[in-house]
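Here is the structure we will look at, set down as structure tokens.
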Amino acid sequence: MKIIIYGTVYGSSKRYAEILSKKYNMEMKSFNEIKDINIYDEIIYIGSLYAGGVLGMKKTLNKIKDLTNKKIIIATCGVADPLDAENIEAIRNNMKKQLKEEIFNIAKIYHIRGAIDYTKLSGKHKFMMKLLYKKCIKIPEEERTPDMRGLIETYDKQVDFISEDYIKELEKEV
């Protein structure tokens, strides 16, 4: 059985999951709806990046008991440039901390770009983003990480980078 699982707060990962679900006629569920991950042999996990981690990924994928004949595809979704090597390295280092080593090693990993709309953020998230923004702008340009540059570029805006172009490589695995 195949499934697309997504972890999202504001909807970017779900939008990508919907695109793939419709295109390949696959079941799609939020990570909160998964009762038994072990019944699936092909798992596509699309998770939004929050505070250095992939939302719901650890809770969901680390429950896999037997990796024999399992195909695992993971796509991280954030606003920073997913093609930037430094950004990819930081994301993958954080993923290694979240996943069991054997899962990380067999997973096909992709990075896609999402969206952010500050008018829809919760008060807590707006406050957190404001603090991060103030911290980032104090750092000299040449010392900023791709994540910092992305935050500064999109701060207090409505931006939508969602595009099927970002999932073309991932689709070769489906």
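The values are calculated or read from the model by the stated rules, or taken from the named source; none is laboratory data. Not measured: the values here are computed from a predicted model. Note: ideal-geometry Cβ built from the backbone for every residue, glycine included; neighbour counts use all protein chains shown.
Restricting attention to region 62-77 and to residues that are in contact (Cβ under 8 Å) with a residue 40 or more places away in the chain and under 15 Å from residue 110 (Cβ atoms), the residue that is surrounded by the most Cβ atoms within 10 Å (Cβ to Cβ) turns out to be 77. Residues in region 24-57 that are basic (Lys, Arg) and modelled with pLDDT of 95 or more: 29 alone.
Of all residues in region 93-105, exactly one satisfies the criterion of being closer than 21 Å to residue 172 by Cα and touching a strand residue (DSSP E or B) at 6+ places or on another chain (Cβ under 7 Å), namely 103. The number of residues in region 73-125 being in a loop (DSSP other than H, G, I, E, B) and not acidic (Asp, Glu) comes to 10.
Among the residues of region 133-151 satisfying the criterion of being modelled with pLDDT of 90 or more and surrounded by 15 or more Cβ atoms within 10 Å (Cβ to Cβ), which is farthest from residue 87 (Cα to Cα)? Taking the candidates together, the pick is 133. Reported count of residues in region 152-169, each being closer than 17 Å to residue 87 by Cβ, aliphatic (A, V, I, L, M) and in contact (Cβ under 8 Å) with a residue 60 or more places away in the chain, is 1. What residue, among those in region 48-59 that are outside any strand (DSSP E or B), at negative phi and in contact with a strand residue (DSSP E or B) (Cβ under 6 Å, 6 or more places away or on another chain), is surrounded by the most Cβ atoms within 10 Å (Cβ to Cβ)? Per the stated criteria, the residue is 57.
Against the criterion of being in a helix (DSSP H, G or I) and aromatic (Phe, Trp, Tyr), residue 45 does not qualify. Could we say that residue 80 is surrounded by 19 or more Cβ atoms within 10 Å (Cβ to Cβ) and either touching a Gly at 6+ places or on another chain (Cβ under 9 Å) or within 22 Å of residue 29 (Cβ to Cβ) (or both) here? Yes; evaluated as a whole, the condition is true for this residue.
Tell me yes or no: at least one residue of region 155-167 is in a loop (DSSP other than H, G, I, E, B) and among the β-branched types (Val, Ile, Thr). Checked against the condition, which is being in a loop (DSSP other than H, G, I, E, B) and among the β-branched types (Val, Ile, Thr), region 155-167 yields at least one hit.
What about residue 116, is it closer than 27 Å to residue 166 by Cα, of a type in the set (Val, Ile, Thr), crowded, with 17+ Cβ neighbours inside 10 Å and modelled with pLDDT of 95 or more? For residue 116, the condition - closer than 27 Å to residue 166 by Cα, of a type in the set (Val, Ile, Thr), crowded, with 17+ Cβ neighbours inside 10 Å and modelled with pLDDT of 95 or more - is not met. Annotation: of all residues in region 18-39 being touching a Ser or Thr at 6+ places or on another chain (Cβ under 8 Å) and surrounded by 15 or more Cβ atoms within 10 Å (Cβ to Cβ), the one that is nearest to residue 167 (Cα to Cα) is 28. What pairs can you find where one residue is in region 89-104 and touching a residue at least 40 places away in the same chain (Cβ under 8 Å) and of a type in the set (Gly, Ala, Ser), the other is part of a helix (DSSP H, G or I) and crowded, with 17+ Cβ neighbours inside 10 Å, and their Cβ atoms are less than 7 Å apart, with a gap of 6+ or different chains? Listed by first residue and then by second, the contacts come to 90/147.
Filtering 166, 110, 118, 155 for residues that are closer than 28 Å to residue 59 by Cα, more than 14 Å from the chain's Cα centre (by Cα) and of a type in the set (Phe, Trp, Tyr) leaves a single hit, 118.
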